[in-house]
Amino acid sequence: MQSPWQTILQDAVSLRHTLHRSPELSWQEQQTAQRVRQALDQLNIPWRVCAKHGTVGTLAPHAKGEHIALRGDMDALPIHELTDIDYRSEVSGCMHACGHDGHTAALWATAAWLKQQEDRLPGPVSLIFQPAEEGGHGAREMIADGALDGVDYIFGWHNWPAIPLGQAVCPDGPVMSGNGTFRIDVTGQGGHASQPELCRDPVLAAAAITLNLQQIVSRRLPPQAAAVVSVSSVRADAAPTVTPELATLTGSIRLSDPSLRGTLNALIQQISEDTARSYGVSATVTSEARYEATINHASAASRYRQALEEELGANWCMDSMPQPIMASEDFSYYLQQIPGAFALIGMGGEPRFQYPCHSPHYQFNDALLAPVVSVFSRLVGADIPASPENSHP
């Protein structure tokens, strides 16, 4: 006869596989939200709708201790899945390629485990099932709809294939970077490709701008600054014998220090405009801020590290992992409002779990569910499952 803990793990794996088959993009998580709410109903955990497809469940609302929130995100990505797993996505062009199905399942499993000891929890626990993390500013909208009302601390996590299973990182200060996007429209004078003297070539200028932007990080910022400027697409539609009127570049920036955003955007604009002018064309730059850096509060991060060490052992920290990583997370919105911390928890090891997030070959490692529930339980002061290391699915 299996234990209640083993039953919770099995149900969590089943929930994750169900979510994986039916992924939904940011702000489209209607079925996902319905499944989460039904699962909370089965546990007799009260919940409320938050930011349309978001859900906030509550445990021990009248307990006198610290009110702690735990967060899991739910949205998928516009990626066509190329794995061979038997529960692969059934939605064409949409896939859980970042493991948010696993984050949702882990938070549900935590809810199920904590519900069994609700009368012994030292303080209230909010369970934040969040939509639209993938560029949709879901955390911002959850906050606007009251998800953090009365909350003292918040904790979150992300699976990370580049970190081995059984290790993690949770630094003081920045753990993930801020980001933004830019678009550069290079306008020239089109004409026949055989008559370059009568044209002003935006393609050549766009190529020069692409190269010149690489000097920003290497020559215009201090070596200590963690930043990235990437041109990710170049488009200049024309026939082989035609010089086009327009070439468009798009790209992104990454920054660990929020004060760098203005500098990066100003340099992109200056270099683009000056380079374009030298080629006899013009450049129009538009920049958009997305997420700020995810910056851990020291006291909360220390608490998180203690829980990780208690769960994963003395060698839990992957010291060789460069930090902050240059990917971004909208968990940053929560940490701008209240104390909290975010951890990257490893799942790598086997080849199938080493594909990076956002890869069409990405697979979430179900062995993460048990330790994450145990870590979350420690963070809220609850009992942990007995010998969870022997109960991984």
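The values are calculated or read from the model by the stated rules, or taken from the named source; none is laboratory data. Just so we're clear, the structure is a prediction, and the values are computed from it rather than from any experiment. Backbone-built Cβ (ideal geometry, glycine too); neighbour counts: all protein chains shown.
Descriptive notes on the structure:
- Selection status of PRO393, assigned to a loop (DSSP other than H, G, I, E, B) and modelled with pLDDT under 95: yes
- A search for C-beta distances below 6 Å between a residue of region 359-380 that is outside the structural domain of CYS94 (by TED's automatic domain parsing) and any residue that is in a loop (DSSP other than H, G, I, E, B), counting only pairs 6+ apart in sequence or on different chains, returns nothing.
- Residues of region 115-136 classified as in a loop (DSSP other than H, G, I, E, B) and under 16 Å from CYS98 (Cα atoms), total: 6
- Residue that is among the hydroxyl-bearing types (Ser, Thr, Tyr), out of contact with any Ser or Thr (no Cβ under 7 Å at 6 or more places or on another chain) and not assigned by TED's automatic domain parsing to the domain that holds ALA314, where the choices are THR210, THR187: THR210
- Failed condition for ALA314, given (1) part of a strand (DSSP E or B); (2) assigned by TED's automatic domain parsing to the domain that holds VAL151; (3) out of contact with any Asp or Glu (no Cβ under 8 Å at 6 or more places or on another chain); (4) of a type in the set (A, V, I, L, M, F, W, C): (1)
- One residue alone among PRO360, PRO322 is assigned to a loop (DSSP other than H, G, I, E, B) and touching a His at 6+ places or on another chain (Cβ under 8 Å), and that residue is PRO360.
- Selection of first residues in region 17-29 that are more than 12 Å from ARG88 (Cβ to Cβ) and of second residues that are among the polar types (S, T, N, Q) and at pLDDT 95 or above, restricted to Cβ pairs under 8 Å at least 6 apart or on distinct chains, gives the following pairs, ordered by first then second residue: LEU19/THR32; LEU19/THR104; GLU24/GLN30; GLU24/GLN31; GLU24/THR32.
- Any hit, region 53-66, residues being closer than 18 Å to ARG378 by Cβ and in contact with a Phe, Trp or Tyr (Cβ under 7 Å, 6 or more places away or on another chain): yes
- All positions within region 1-22 that are touching a helix residue (DSSP H, G or I) at 6+ places or on another chain (Cβ under 7 Å) and either closer than 18 Å to LYS52 by Cα or of a type in the set (A, V, I, L, M) (or both): ILE8, LEU9, ALA12, VAL13, LEU15, LEU19
- Check on VAL231, part of a strand (DSSP E or B), without any contact (Cβ under 8 Å) to a residue 40 or more places away in the chain and of a type in the set (A, V, I, L, M): yes
- Residues within region 257-274 that are crowded, with 22+ Cβ neighbours inside 10 Å and either polar (S, T, N, Q) or not assigned by TED's automatic domain parsing to the domain that holds ALA226 (or both), tallied: 1
- Counted residues, region 132-170 - those being in contact with a Lys or Arg (Cβ under 7 Å, 6 or more places away or on another chain) and closer than 24 Å to THR58 by Cβ: 2
- Candidates LEU107, LEU70 - the one that is in the same structural domain as GLU133 (by TED's automatic domain parsing), under 21 Å from the mean Cα position of the chain (by Cα), of a type outside the set (Lys, Arg) and in a helix (DSSP H, G or I): LEU107
- When ALA266, ALA301 are checked against the criterion of being within 30 Å of HIS158 (Cα to Cα), at pLDDT 95 or above and out of contact with any helix residue (DSSP H, G or I) (no Cβ under 9 Å at 6 or more places or on another chain), ALA301 stands alone in meeting it.
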